[in-house]
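Some notes on the structure that comes next.
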Amino acid sequence: MKKIEAIIRPSRLEEVKEALGKFGIHGMTVTHVTGCGLQKGKTEVYRGSQYTIDLLPKVKIEIIIRDSSLEEVVEVILNHARTGHIGDGKIFIYPVEEAIRIRTGERGEEAI
Ligand SMILES: Nc1ncnc2c1ncn2[C@@H]1O[C@H](COP(=O)(O)OP(=O)(O)OP(=O)(O)O)[C@@H](O)[C@H]1O
Ligand SMILES: [Mg+2]
């Protein structure tokens with residue numbers, strides 16, 4: 001199993017979520033975060049306003065998936081999160097050792 005952590009623009013959340021749902025992804029964790037990338041300390045436009053602060057609002061989506069779905073899910077996120085402008089975000093991928101559904105005790109891919 002892998003964990004996909006995607007940091008995206010808040011304005012792309014609905015579209016990314018819908019695309020993931022159509023792909024068959026049902027479990028995810030979404031957190032509203034702030035962060036910065038290469039342009040730290042420089043301005044970036046968010047909802048029509050120029051920000052000069054160095055932490056911008058972003059959304060973090062965490063999804064645990066089976067290894068065989070990894071590339072397709074990454075493609076879905078890339079295709080729906082990209083605007084082509086700076087600040088589109090990043091995707092980080094981690095190995096996942098175990099998943100357990102608390103209600104039933106199922107483990108591994110059965111639990112995701
Ligand atoms: N190296 C990093 N470590 C942790 N989080 C990061 C890192 N780089 C970016 N992020 C997160 O991703 C968000 C979006 O980053 P951003 O898209 O601005 O990256 P970038 O490298 O500056 O690329 P771009 O030039 O396209 O803006 C940041 O606000 C931050 O939350
Ligand atoms: Mg940036």
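The values are calculated or read from the model by the stated rules, or taken from the named source; none is laboratory data. Bear in mind the structure is a predicted one, so any value in this text is a computation, not a measurement. Using ideal geometry, Cβ is built from the backbone for each residue, glycine included, and neighbour counts are taken over all protein chains shown.
Scanning the stretch 78-101 for residues that are part of a helix (DSSP H, G or I) and either out of contact with any Lys or Arg (no Cβ under 8 Å at 6 or more places or on another chain) or away from ligand 1 (no atom under 13 Å from the Cβ) (or both) gives 78, 79, 80. Checked against (1) within 23 Å of residue 1 (Cβ to Cβ); (2) surrounded by fewer than 14 Cβ atoms within 10 Å (Cβ to Cβ); (3) at pLDDT 95 or above, residue 84 passes all but condition (1).
Conditions (1) touching a His at 6+ places or on another chain (Cβ under 9 Å); (2) assigned to a loop (DSSP other than H, G, I, E, B); (3) of a type in the set (S, T, N, Q), marked per residue:
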position: 7; (1), (2), (3): no, no, no
position: 12; (1), (2), (3): yes, no, no
position: 33; (1), (2), (3): no, no, no
position: 39; (1), (2), (3): no, yes, yes
position: 58; (1), (2), (3): yes, no, no
position: 63; (1), (2), (3): no, no, no
position: 73; (1), (2), (3): no, no, no
position: 76; (1), (2), (3): no, no, no
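For residue 29, the requirement of being among the β-branched types (Val, Ile, Thr) and over 12 Å from the mean Cα position of the chain (by Cα) is not met.
If I filter the stretch 18-38 for residues that are at pLDDT below 90 and surrounded by fewer than 13 Cβ atoms within 10 Å (Cβ to Cβ), do I get at least one hit? Yes, the stretch 18-38 contains at least one residue that is at pLDDT below 90 and surrounded by fewer than 13 Cβ atoms within 10 Å (Cβ to Cβ). When the stretch 102-112 is filtered for residues that are part of a loop (DSSP other than H, G, I, E, B) and surrounded by 10 or more Cβ atoms within 10 Å (Cβ to Cβ), the ones remaining, listed by number, are 106, 112.
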